[in-house]
Amino acid sequence: MNIEIKEQNGSYIGILSGWIDTNAASQFLEELKPLEENADKNIVLDCGALEYICSLGLRGLLKLKKTSAAKGGSLVLTKVGGEIQKILTMTGFIKLFEIRQA
């Protein structure tokens, strides 16, 4: 599991890759903190290289979404496909997030 965070034109882009399973979930939640601190901005999470996400990882995404909404920012997931789309659909989380494919 890896998160690369970039600031671009006043927005934050997080590029997620690998597996966010129960072993990596605590690290994932820790690495989301810089995005939570800047949740008043637009945040885009690129999920194109993300292979798997567990329920704890989904909880971290939901917390980031709620923090963004409370601070007046936004959270968008991009390049959601394959296994990640299946997981989001099965859990109902697909309805909770703004998802763009490009």
Can you list residues whose amide H is under 5 Å from Leu45's amide H, if they're 5+ apart or on another chain and H is modeled 1.01 Å from N? Gly14, Val76, Leu77, Thr78
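Leaving out ligands, DNA and RNA, what percent of the accessible area of the chain is carbon and sulfur, probe 1.4 Å? Present the calculation step by step, with values, prior to reporting the outcome.
Values: 2750 of 5580 Å².
Percent of accessible area from carbon and sulfur atoms in the chain: 49.
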Output for the range 1-44 (equivalent-ellipsoid semi-axes, sqrt of 5λ from the C-alpha gyration tensor, Å, descending) is 21, 11, 6
Semi-axes of the chain from the Cα gyration tensor (sqrt of 5 times each eigenvalue, largest first, whole Å) come to 19, 15, 13
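Which value, in Å², gives the accessible area per residue of the chain when a 1.4 Å probe is used on the protein heavy atoms? Present the calculation step by step, with values, prior to reporting the outcome.
Working: 5580 Å² over 102 residues.
Per residue, the chain has 55 Å² of solvent-accessible surface.
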The chain: angle of helix 82-91 to the longest principal axis, Cα-based, in degrees nearest 10: 90 degrees
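Rank these residues by their accessible area, most exposed first, probe 1.4 Å: Ser17, Ser26. Numbers along the way, then the final one.
On the way: Ser17 35, Ser26 85 Å².
The ordering from most to least exposed comes out as Ser26, Ser17.
The values are calculated or read from the model by the stated rules, or taken from the named source; none is laboratory data. Being a predicted model, the structure only gives us computed values, none of them experimental. Side chains included, ligands, DNA and RNA excluded: accessible areas come from the protein's heavy atoms. Shrake-Rupley method; radii C 1.70, N 1.55, O 1.52, S 1.80 Å.
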